[in-house]
1. Under the condition of being in a loop (DSSP other than H, G, I, E, B) and modelled with pLDDT under 95, which residue from segment 79-109 is nearest to the chain's Cα centre (by Cα)?
2. Which one of the conditions (1) in contact with a strand residue (DSSP E or B) (Cβ under 8 Å, 6 or more places away or on another chain); (2) surrounded by 16 or more Cβ atoms within 10 Å (Cβ to Cβ) does V95 fail to meet, given that it meets all the rest?
3. Filter segment 155-179 down to the residues that are of a type in the set (A, V, I, L, M, F, W, C), in a loop (DSSP other than H, G, I, E, B) and loosely packed, with under 14 Cβ neighbours inside 10 Å and list them by number.
4. Being closer than 12 Å to D31 by Cβ and open to solvent by 20 Å² or more (accessible area, probe 1.4 Å) is the filter here; which residues of segment 116-130 pass it?
5. Could you check, for segment 50-65, whether at least one of its residues is touching a helix residue (DSSP H, G or I) at 6+ places or on another chain (Cβ under 8 Å) and loosely packed, with under 13 Cβ neighbours inside 10 Å?
6. Pull up segment 189-204, narrow it to residues that are open to solvent by less than 10 Å² (accessible area, probe 1.4 Å) and out of contact with any helix residue (DSSP H, G or I) (no Cβ under 9 Å at 6 or more places or on another chain), then point me to the one that is farthest from G91 (Cα to Cα).
7. For segment 48-90, which residues satisfy the criterion of being without any contact (Cβ under 8 Å) to a residue 40 or more places away in the chain and among the hydroxyl-bearing types (S, T, Y)?
Amino acid sequence: MRKDAIAALVTLGLVGVSSSAIGQAKFDPRDLSGVWTIRGHRSISANVPPMTPEGEARLNANKPTRGRFLGEPLNGQHPGFVRAVAVPADGNDPVHRCNPNGFPRLLLDPEPVEFVQTEGRLLQLFQWERSLRELWMDGRAVPAGEDLENLGPAWYGHTAGAWEGNTLVMNTVGLDDRAWIDIFGFPKSTAARIEERYTRTGPDTIELRMTMYDSKFYTAPWVSDVKTFTRVKRDATTYFGWYGLFSGITEGICAPMNEVESYNALVRDPASKGVGK
């Protein structure tokens, strides 16, 4: 092969690599829009800080049906992850009566979530529950003092924050303490504050770091593992021409007449008693 032809092929190859690299670098790190699924520990992290006596009492009152069964060897795990009831009907997970998952539990669920970014606000649309969460980034501060008292606790709290470089930092306060942190039944108090730090690390990935501050139930902040959101391709959330979690994908609504009156009464509870229907 002639030297000039080889040189041309090498040049084209380099151009191709360069173009590809440029294409990968074109994403806007401050644009979190898209449909994503989360990977990471199903709680804040496996490293649970020591709890206060009040926190321990609340944890012990919660009886999950998820996780490893109570009485199994811990194998180095925190006891809170090894206490699921063997009989589902004996559990008291509020979700099983169609109560909201609340925050952060719904965010930790590996079901799709759509981020819709607008001027001054990030909306999180969840497939499960068909729920909406608003994260304000218009300069407002999270409510405090009398304002927070007047607003009262909410299942998903009150969230506000701002960009720090290319990381979106959000804080949530005013959380309803009836909602569990996770599927394992770890509690949070109404005094809890949860910080989220979102960093888009590539065209198809966002990293999330969380820290919960709740001195009423925990003696130290609870720091998360690094959780990764991976983009869901558009064709995986387009059904019969309808795109988006609120437009065409399955509702995922927990309707009491389906969950409590039908599934629990006709399937779960009889199965717990060894009577199948």
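The values are calculated or read from the model by the stated rules, or taken from the named source; none is laboratory data. Since the structure is predicted, the reported quantities are computational estimates derived from the model, not experimental observations. In this analysis, Cβ positions are derived from the backbone assuming ideal geometry, glycine residues included, and neighbour counts consider all displayed protein chains. Areas reflect the complete protein model, heavy atoms only, side chains present, ligands, DNA and RNA absent. Shrake-Rupley method; radii C 1.70, N 1.55, O 1.52, S 1.80 Å.
1. C98
2. Among (1) in contact with a strand residue (DSSP E or B) (Cβ under 8 Å, 6 or more places away or on another chain); (2) surrounded by 16 or more Cβ atoms within 10 Å (Cβ to Cβ), V95 violates only (1).
3. Listed by number, the list is empty, since nothing qualifies.
4. V116, Q117, T118
5. no
6. So the residue we want is Y198.
7. The answer is T65, and nothing else.
Matching residues to (1) under 20 Å from I183 (Cβ atoms); (2) of a type in the set (K, R); (3) open to solvent by 50 Å² or more (accessible area, probe 1.4 Å):
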position	(1), (2), (3)
D90	yes, no, yes
D109	yes, no, no
A141	no, no, yes
D147	no, no, yes
N150	no, no, yes
P153	no, no, yes
